[in-house]
1. Of the listed values [x] 16.3; [y] 15.7; [z] 15.1, grab the one calculated as Kirkwood radius over Cα pairs in Å from the structure here.
2. Among ALA91, VAL63, GLY36, whose Cα sits farthest toward the positive end of the charge dipole of the range 9-139 (+1 at Cβ of Lys/Arg, -1 at Cβ of Asp/Glu, about the Cα centre)?
3. For the range 1-119, give the magnitude of the charge dipole about the Cα centre (Cβ charges: +1 Lys/Arg, -1 Asp/Glu; no others), in debye to the nearest 20.
4. Mind checking which aspartates and glutamates have their C-alpha under 16 Å from LYS123, skipping anything on the same chain fewer than 8 residues away?
5. For the residues TRP19, TRP122, what sequence is obtained by ranking on other C-beta atoms within 10 Å, fewest first?
6. Return a whole-number percent for the relative contact order of the chain, with Cα pairs under 8 Å and 6 or more residues apart as the contact set.
7. By a straight-distance test (C-alpha under 21 Å), which lysines pair with LYS46 as possible cross-link partners, with residues fewer than eight away in the same chain excluded?
Amino acid sequence: MFADLPQFFEDADQLRDIWGNPNTREKLLEDLSAAGYNEKKLEGMKDLIDAKPSNVYDVLAYVAYATKTRTRKERVIEFTLDNYIEDGVKALSPSKIQSLVTLKYNTISDAATVLGSPKAIWKTFVGFQKYLYQASRSA
């Protein structure tokens, strides 16, 4: 796989751009599958690099550029926190989750592919919020 990846993207920035667009991401996954790296093999690589809760983007970035993998949970929390920093507590409102998810992933279906079921997304969105305020107690 190490030798094959350069034919799919030139550098980490291009990989990030491809992965950030559902259309180009889907095309990349199709091209990888045609080259022998189907979903099962890519998912299996997560075990090899100890990145089971990560997505395929992290596998590709790790293999191609030795970048640190991040979990799906870390990614959704970081995105939500960025919105919290920008918009304040209203960004953490339960009514905002759908708009945040579609802003980041375009559709709930695309988000579920990356993050897990809508129930798991909801649990993460609500669950991490208690830590925002616990951390300030110990500071």
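No lab work stands behind these numbers, since they all come straight from the coordinates. All values reported here derive from a predicted model rather than from experimental measurement. Heads up, the Cβs are rebuilt from the backbone with ideal geometry, glycines too, and the neighbour counts pull from every protein chain shown.
1. Looking at Kirkwood radius over Cα pairs in Å for this model, the match is [x].
2. Final value for the positive-end residue is ALA91.
3. Values: 16 positive and 19 negative charges, 113 e Å.
With Lys and Arg at +1 and Asp and Glu at -1, about 540 debye.
4. Those aspartates and glutamates meeting the cut-off are GLU74, GLU78.
5. TRP122, TRP19
6. Here the relative contact order equals 18 percent.
7. Correct list for LYS46: LYS27, LYS68, LYS73.
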